[in-house]
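Below: one structure, written as structure tokens.
The values are calculated or read from the model by the stated rules, or taken from the named source; none is laboratory data. Keep in mind that this is a model prediction, so the values were computed, not measured. With ideal geometry, Cβ positions are generated from the backbone for all residues, glycine too; neighbour counts draw on all protein chains shown. These area figures cover heavy atoms from the full protein model, side chains too; ligands, DNA and RNA do not enter into them. Shrake-Rupley method; radii C 1.70, N 1.55, O 1.52, S 1.80 Å.
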Amino acid sequence: MVDLILTEREQSALRTLAASEPIPGNPFPTEKVLEAVLTLVPSDEISVGRADDTGRVEDSVRLGGLPQTEYDPQVCDGPLMVGLVHVSRVPDLEPDLRSWGYADLLWLGYRNGTRHVVQLVLGRHRRPFAPRDLAMLGLSAPSLQRVMRERPTPQLPAALTAQERRVLMRVAAGHSNAHIAEALCVSPSTVRKHLEHAYRKLDVTSRVAAVARMQGRDECALDLRERLERFA
């Protein structure tokens, strides 16, 4: 058993996680949530992927680590695991760490519907995770489970392409066009084009209205602070 004494910064990060809510139609935590996790469990990179039961990763978000151009989100050796896995402590997986380029990995996965798993991955390149790191992730787990279990989304037009949906999911998570472009390996102008096409199909004219439609809320229900964040 690890005795935890939290710094003020760590306490603030836990409060951020506790106050976070899932985004309808999007199982991925916001960048603010990921940064809070990194405050609690310092790591070289953090990612979240959603995969079907065959292990095919359908989409992912990532902070740190390999540039997006070197990272293939579709590559996966099998179904994602549910629960907390300390990879360096698993005999069958420990030998693979070096070939993957890591000193240690933590996997935290949750069921997302009946056929999908959403998994958070924390990676370190030079040192392993300590018992305190696992205890801190355990404190975060209930909040992360709530955020990573996707709430139903309103019915959206079938005419939306997969790429337009990916862009809208990241807009709803508060990402800027530049961040979305980097994550999807496209130019900012391409992101703008996807948004223009999505606006037309959703019959809206702004990011705020698109987010409201994605989340099943009226535009007026978004408070002023949230509106400003969406336009940032």
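Accessible area of ASP96 (1.4 Å probe, protein heavy atoms only, ligands and nucleic acids ignored): about 60 Å². Between the beta carbons of SER187 and ALA135, assuming R0 = 30 Å, the FRET efficiency works out to 0.10 to the nearest 0.05. Across the protein chains, with a 1.4 Å probe defining accessible surface, the residues VAL204, VAL82, VAL211 rank VAL82, VAL204, VAL211 from largest area downward. Rounded, prolate or oblate, given the Cα gyration tensor of region 87-181, with a/c below 1.5 counting as rounded? Note, shape of region 87-181 comes out prolate. Rounded, prolate or oblate for region 11-65? Axes are the square roots of the Cα gyration tensor eigenvalues, ordered a ≥ b ≥ c, and the cut-off for rounded is a/c under 1.5. Oblate, because a/c is 1.5 or more while a/b does not exceed b/c.
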